[in-house]
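All of the numbers you see were taken from the coordinates with simple rules; none came from a lab. As the structure is a computational prediction, the values presented were derived from the model and not from experiment. Counting neighbours? That spans all protein chains shown, and the Cβs are built from the backbone with ideal geometry, glycine included.
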Amino acid sequence: MKEEQAFTKLIKQNGGIIYKITRLYTDDTESQKDLYQEIVYQLWKGFKTFRGEAKITTWMYRIALNTALLHLKRKKRSGYKVSLDAVVLKQEDYDPLFEERLKILYSKIKDLGDVDRGIIFLFLEGKKYKEIAKITGLSTNNVGTRMARIKERLRTQINKN
Amino acid sequence: MELEEMQTTWSQLSDQLEHQKKLTNTLIMEMTKQRYRSKIGILSRYEGLGAVICFAAAILLMLQFQKLDTWYLMASGVFTVGYIILLPVAVLRSINAMKSIDLINNTYKDTLIAYAKKQKQFLRTQRIGIYLNFILLAVSLPVVVKVFKGDDIFVTNTELLYGYIPFMVIFLVLFSKWGYTKYRNVTDSASEILKDLEDGSRQI
């Protein structure tokens with residue numbers, strides 16, 4: 001019971017992280033819901049054995065990103081779904097300008113390869129290269145190199161437009 | 001959109017989500033139950049159905065095995081039954097291996113590498129299957145004719161062999177080409193991932 005309470009507290013506090021990941025790794029609402037549940041399920045599985053060697057958010061980002069990555073690869077899914085429509089997957093408060101910016105942002109990130117997509121997400125989440133390296137398993141230098149490449153790519157796209 | 005603008009939009013999104021915390025404890029725990037089964041993608045559904053058909057055919061052939069009364073029919077029967085049991089098992093195992101990747105302890109990089117490698121392994125199994133299908137094509141016909149019609153094709157229906165084999169070869173070549181291209185696309189992306197991670201490591 002205590003374990004369940006701690007877990008639900010964690011998900012409530014960090015539901016936004018899961019939402020953002022599901023938005024970046026899926027193309028439609030059905031898949032997004034599916035992925036959301038899968039991430040919560042995997043987190044619960046891991047929660048029972050989590051011993052606190054890493055920061056809880058580092059651990060959470062890692063599992064959520066791994067799950068999203070495999071979900072992206074497997075794509076078509078079906079099965080029982082918990083209804084999330086009324087809660088966390090509710091569209092952000094509608095503001096056409098902001099929506100437009102979000103759409104561009106998502107599409108820019110989705111254009112990137114699997115590795116870079118994870119890196120840019122963590123960067124936007126405000127993570128330092130060292131923590132990104134810890135979550136992704138890449139070296140800090142490699143994260144830096146990739147970030148420089150991503151920035152360059154974004155700049156080139158702007159110049160083209 | 002430059003990186004700075006992306007960061008601004010992202011933190012605005014994070015703020016909005018912060019004010020949307022409406023998940024209930026019940027809903028969260030509901031999501032942790034195995035009732036929601038993360039099933040099997042398109043590949044394993046096709047392969048799963050194929051395996052069931054193969055196993056049913058194998059049982060049927062085994063029940064009629066005494067009808068195979070010459071050494072070559074028996075040898076063909078053993079090959080056919082063995083093939084239609086072992087190949088689906090191998091394919092299902094390699095699909096299962098893809099699903100057994102450790103999402104909890106792996107890093108993102110480990111997960112990508114593990115998935116890409118297992119995908120390649122899966123394609124290897126499929127490729128072996130494609131080559132073996134050509135042998136099965138020749139070997140299974142006498143068995144099927146003997147079991148279901150009671151004729152030894154090598155004695156009574158040799159003309160059937162001349163008509164059937166070229167027709168089936170053409171069909172199999174086209175079918176294998178289609179199937180292989182489909183799987184090839186999947187595995188090419190796996191190779192790209194591995195190469196990308198390799199290039200990244202070299203830059204350090």
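If R0 is taken as 41 Å, the Cβ-Cβ distance between residue B:178 and residue A:103 corresponds to a FRET efficiency of 0.70.
Using only the alpha-carbon atoms, how far is helix B:71-99 inclined from the longest principal axis of chain B? Give it as 0 to 90 degrees, nearest 10. Its long axis makes an angle of about 0 degrees. Across peptide B:8-15, the average count of Cβ atoms from other chains found within 10 Å of a residue's Cβ is 6.
Think of each Lys and Arg Cβ as +1 and each Asp and Glu Cβ as -1; about the Cα centre, that makes the dipole of the protein assembly as shown roughly 680 debye. Dipole magnitude for the stretch B:20-202: about 860 debye, using +1 per Lys or Arg Cβ and -1 per Asp or Glu Cβ, origin at the Cα centre. Largest GNM mean-square fluctuation across B:16, B:126, B:64, computed for chain B with C-alpha springs under 10 Å, falls on B:16. Give the cross-link partners of residue A:48 among the aspartates and glutamates, using a straight C-alpha distance below 13 Å as the criterion and excluding same-chain residues fewer than 8 apart. Hits, sequence-local ones excluded: A:3, A:4. Less than 5 angstrom separates the built amide H of residue B:106 from none of the residues sequence-distant by 5 or more or on a different chain. Please give the average number of partner chain Cβ atoms lying within 10 Å of the Cβ of each residue in A:133-142, rounded to a whole number. If you average over the peptide's residues, the count of other-chain Cβ atoms is 5.
Dipole orientation for the protein assembly as shown: of the candidates B:1, B:111, B:56, B:111 has the Cα lying most toward the positive pole (charges on Cβ; Lys, Arg +1; Asp, Glu -1).
Put simply, when A:114-120, B:134-140 are sorted by average Cβ atoms within 10 angstrom per residue, most first, you get A:114-120, B:134-140. Other protein chain C-beta atoms within 10 Å of residue C-beta, averaged over A:17-30: 1.
Pairs from the table (A:9/B:109; A:20/A:110; B:33/B:118; A:130/B:33) lying more than 23 angstrom apart at Cα are A:9/B:109; B:33/B:118; A:130/B:33.
The stretch A:35-55 and the stretch A:130-156 have Cα centres separated by 25 Å. Sorting the segments B:166-178, B:105-117 by their residues' average number of neighbouring beta-carbon atoms within 10 angstrom, most packed first, yields B:105-117, B:166-178. A straight Cα-to-Cα reach below 19 Å connects residue A:33 with the aspartates and glutamates A:85, A:92, A:93, B:18, B:30, residues fewer than 8 places away in its own chain not being considered.
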